[in-house]
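The values are calculated or read from the model by the stated rules, or taken from the named source; none is laboratory data. Here the structure is a predicted model, which is why all the values come from computation and not from measurement. Positions of Cβ are backbone-derived with ideal geometry, glycine not excepted, and every protein chain shown enters the neighbour counts.
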Amino acid sequence: MTPRGAAPWLRFSVALLLVGMFAALAWVLLGLPPRSAGLQPQVAAQMAVSGVDHPVTAVLLNFRGYDTLLEMAVLLLACLGVWSLSPAVPPTDETPGAMLAALPRQLVPLMVLMAGYLLWRGATGPGGAFQAGAVLGAAGVLLLLTGWRLPVRWQGWRLRLLLIAGVGMFVLVALAVVPASGVLLGYPLPVAGTLILLIEALAGLSIGVTLMALFLGGEPGASR
Amino acid sequence: MAAEHVSLLPVLLIFLPLIGALLSFVFRRRAAGLGIATAVAVFVIAIALAFSLTRPQRYPVGGWGAPLGIDLVVDGLSLIMLLMSATVGLGVSLYAGGYFHARPQLARAFWPLWLGLWTALNGLFLAADIFNLYVTLELLGLSAVALAALGGSAAALGGAMRYLLVSLLGSLLYLLGVALLYHAFGSVDIALLGERASAQPVTLAALVLMTVGLILKTALFPFHFWLPPAHASASSPVSALLSALVVKASFYILLRLWLEIFEPLNPGRGVTELLGLLGALAVLWGSLQALRQTRLKLLIAYSTVAQLGYLFLGFPLAAAVGPAAWQAVIYLALSHALAKAALFMAAGNIVLFGGHDRIADLDRVVQRLPLSLAAFAIAGISLMGLPPSGGFIGKWLLLEAAIEAGQWWWVVIILIGGMLAAAYLFKVIGFAFTRAPVSHEANAVPPVMEWTALVLAVGTVLLGLWVSPLLAWLATGNPFGVGP
Amino acid sequence: MSVAVLYAVTGLGLFSLGLYALIVRAHLLRKILALNIMGSGVFLVLTALARRAPDGPPDPVPHAMVITGIVVAVAATALALVLLRRVVETTGQPRLPDPDSE
């Protein structure tokens, strides 16, 4: 039996209610001041001491870096949750066709290069750890789809270490700068750019590996 | 950019469990040891914070300060919540050490998830920024769902799925409120929003969205439907965490937003009366459902629905008599956390011992698990609101507020709720004394699991005796304002 | 109505459509998709209104918030999908079990 959903009268009343909600909220948005700079002036004023040249990266890794640290923890915890729920979906034995086998050989090196570029680019323009991690994760998914399997020796603590590397480095830096600046995550200015790049590099790597691990749908090598 | 020297203790309360989570994930075989060591350290730091906090502290992460950066704030209200999570957290950690000892497969998933959940809780109680609260709320929700599903049974998985959908819906409603507030007033810092927000449509819209999102997560009647299956079908240490701590977190956010942003704008008596009415219905409905249950853990879970209802009586009563009502509510929340953790632990012992939780077949548990049954009874005294217990003090303060406000109908609800609690708890205790036709499997229960349940239950009695120091801590920084 | 507000209202529309599907659809995959659409709606509201700066670049803070929000959404979706697979494995049904049937 396929799930059907709600009865017609219920659908109608829900729809009516939501149209009302939409109209009310749209009216609220129309009433907002048409011009507002938000926090843009404050960000611009502190860009010189942020260690990077791109405002979004400055907010993500410096001004609101604490949010980003916790958000990396969210991604890691989701992966832990997935692992606790089920072992990895067993791979099929199908051998990919010639096209499919050739594809990753051409694409994956390019994608890794692209990820590295995006990471580097984040300091001055749109880019950074998340974009790089997403491309890296996509490369991993592509490999998995074309018959590549995670080697057994990489399934144990090595994989776990890669998964926590991003949050781990973030936590390490957050606490290590306390003696120098007196405050959590307060990067001393001369090394701010370097520290941010260091965090981003490991964060990008961890995000990529985590996305690939999530795609496996469970813990590789685990049994139930 | 170096700020004046502020204590690092609040920061450690967030980072220690996070580091513990990472280490227990990498070093799996040592997970239980690392987890318990972390729990002890967090407890000690929370106590140290309580004794060193003389005035509220604001900690600018990164040294930027609001509105550009994120601030952490610790005042009396956050302190009491941190102490609550530290005490219950330590108790559950010790209990889980015994519970998961025979289940290494589950243990290695439990420890990092639970320490991640603890990170989220402490981060949430310290946050002073509504977007940072969103991130902690998601960290909390996802780790709670993963923990709820650990049991692996069809009931646990279904309960966890429903829990996840509700939790995500609540977060998104909350986040839309955050977006409206930020774009209207240019900040996500709670204190700055309190200064800048004015009574206009956008504020009201944010109030409605965030309140609905948060009461969904707090399982206030009629949004309680997801709680009993999720809490009752989880493994027992997880049930204790979910019922004692996790539902309090979203209530805490609601209270903070209400006190600092929305209440000063006088949104009108309609809102406070409605929340109070839903709270009253939760007390009645949850208690009646608890009375109907035939399974012990479901009974305790419905009791959580009822006990959460009392917290919402604070809204109409605080509108009438001021901060005294919130003191009562926080006291009730704290007592409920200890009592409910003890109840779920005791129930877990009974399930482990007998292999089931059918109330009618509790075959003379009193002779076989006397410590667990004592824990159940003592925690029950606090839930019923009888002296000497934290639950008694909380209800007494709440009754005082209701009488002072001249709103006798809340008095009636509080008294009926207490009587119904007595009825459903005595039902359990009665069956624990009688012989049942079904014989038990009789598995051994590790002593640490019995003692932690008992110690937390005795904690509710201590809450009934240490009233003035606790209320003095709670008053640090005057979190509830000066009243009308 | 400025372009920024038009996009933001579109975001509200997505939010409302997603909420409708979340409530009335029973299939869990549809519910998970519905939550993702709601999330995209909120992200659109956040970023669109950041474009109201008088002259100069848009406000970067909501952009950073949306990146954070997207990562959270990815994490939640992954957990939800694996949970869905486990629910199907144990009950044979891609829908929520009736809580009263236990």
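A few points about this structure:
- Filter pass, C:Asp98 being more than 25 Å from B:Trp226 (Cα to Cα) and of a type in the set (D, E, K, R): no
- Filter pass, B:Ala50 being among the small types (Gly, Ala, Ser), away from chain A (no Cβ under 12 Å), closer than 24 Å to B:Trp451 by Cα and surrounded by fewer than 21 Cβ atoms within 10 Å (Cβ to Cβ): no
- Residue ranges of helices (runs of 4 or more DSSP H) in the range C:1-95 with at least 3 members facing chain A (nearest Cβ under 7 Å) and either surrounded by 17 or more Cβ atoms within 10 Å (Cβ to Cβ) or touching a residue at least 12 places away in the same chain (Cβ under 8 Å) (or both): C:3-24, C:60-91
- Pairs, first surrounded by fewer than 24 Cβ atoms within 10 Å (Cβ to Cβ) in the range B:313-331, second of a type in the set (Ser, Thr, Tyr), C-beta under 7 Å, six or more apart: B:Ala319/B:Thr272
- Flag if A:Leu211 is surrounded by 21 or more Cβ atoms within 10 Å (Cβ to Cβ), in contact (Cβ under 8 Å) with a residue 24 or more places away in the chain, away from every other protein chain (no Cβ under 14 Å) and out of contact with any strand residue (DSSP E or B) (no Cβ under 8 Å at 6 or more places or on another chain): no
- Check on A:Ala139, away from every other protein chain (no Cβ under 12 Å) and assigned to a loop (DSSP other than H, G, I, E, B): no
- Members of the range B:14-47 found to be more than 12 Å from chain A (Cβ to nearest Cβ) and either more than 15 Å from B:Ala109 (Cα to Cα) or assigned to a loop (DSSP other than H, G, I, E, B) (or both), listed by number: B:Ala37, B:Thr38, B:Ala39, B:Val40, B:Ala41, B:Val42, B:Phe43, B:Val44, B:Ile45, B:Ala46, B:Ile47
- Looking across the range B:217-244 at every residue that is assigned to a helix (DSSP H, G or I), away from every other protein chain (no Cβ under 11 Å) and in contact with a Ser or Thr (Cβ under 8 Å, 6 or more places away or on another chain), the one that is nearest to B:Met161 (Cα to Cα) is identified as B:His231.
- Comparison of B:Gly459, B:Gly417, B:Gly406 shows that the only residue that is small (Gly, Ala, Ser) and farther than 25 Å from B:Lys340 by Cβ is B:Gly406.
- Only one of B:Leu169, B:Leu175 that is surrounded by fewer than 24 Cβ atoms within 10 Å (Cβ to Cβ), part of a helix (DSSP H, G or I), away from chain A (no Cβ under 11 Å) and free of Cβ contacts under 8 Å to residues at least 60 places away in the same chain: B:Leu169
- Taken over the range B:383-393, the criterion of being of a type in the set (Gly, Ala, Ser), part of a helix (DSSP H, G or I) and under 12 Å from B:Ala422 (Cβ atoms) is satisfied by B:Gly391 alone.
- Per-region count, the range A:33-51, residues surrounded by 18 or more Cβ atoms within 10 Å (Cβ to Cβ), more than 7 Å from chain C (Cβ to nearest Cβ) and over 16 Å from B:Gly69 (Cα atoms): 0
- Hits in the range B:378-407 (condition: hydrophobic (A, V, I, L, M, F, W, C), surrounded by 18 or more Cβ atoms within 10 Å (Cβ to Cβ) and over 17 Å from B:Gly276 (Cα atoms)): B:Ile378, B:Ala379, B:Ile381, B:Leu383, B:Met384, B:Phe392, B:Ile393
Here's the yes/no breakdown for (1) away from chain A (no Cβ under 11 Å); (2) surrounded by fewer than 24 Cβ atoms within 10 Å (Cβ to Cβ):
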{"position": "B:Ile130", "(1), (2)": "yes, no"}
{"position": "B:Glu138", "(1), (2)": "no, no"}
{"position": "B:Gly141", "(1), (2)": "no, no"}
{"position": "B:Ala144", "(1), (2)": "no, no"}
{"position": "B:Ala149", "(1), (2)": "no, no"}
{"position": "B:Gly159", "(1), (2)": "yes, no"}
{"position": "B:Tyr182", "(1), (2)": "no, no"}
{"position": "B:Glu195", "(1), (2)": "yes, yes"}
{"position": "B:Val202", "(1), (2)": "no, yes"}
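- Criterion: in contact (Cβ under 8 Å) with a residue 12 or more places away in the chain and surrounded by fewer than 21 Cβ atoms within 10 Å (Cβ to Cβ) - qualifying residue of B:Gly477, B:Gly430, B:Gly417, B:Gly459: B:Gly477
- Qualifying positions in the range A:166-177 - surrounded by 18 or more Cβ atoms within 10 Å (Cβ to Cβ) and in a helix (DSSP H, G or I): A:Gly166, A:Val167, A:Gly168, A:Met169, A:Phe170, A:Val171, A:Val173, A:Ala174
- Residue pairs whose Cβ atoms lie under 6 Å apart, separated by 6 or more positions or on different chains, with the first residue in the range A:157-178 and without any contact (Cβ under 8 Å) to a residue 24 or more places away in the chain and the second among the hydroxyl-bearing types (Ser, Thr, Tyr), are A:Val177/A:Tyr187.
- Considering A:Gly193, A:Gly147, A:Gly186, the condition of being part of a helix (DSSP H, G or I) and either among the small types (Gly, Ala, Ser) or in contact with a Lys or Arg (Cβ under 7 Å, 6 or more places away or on another chain) (or both) is satisfied by A:Gly193 alone.
- Some residue of the range A:58-67 being modelled with pLDDT under 95 and of a type in the set (Ser, Thr, Tyr): no
- Cβ-Cβ under 6 Å pairs, at least 6 apart or on other chains, the range A:13-28 side more than 7 Å from chain C (Cβ to nearest Cβ) and free of Cβ contacts under 8 Å to residues at least 60 places away in the same chain, far side assigned to a helix (DSSP H, G or I) and of a type in the set (Val, Ile, Thr): A:Val28/B:Val202
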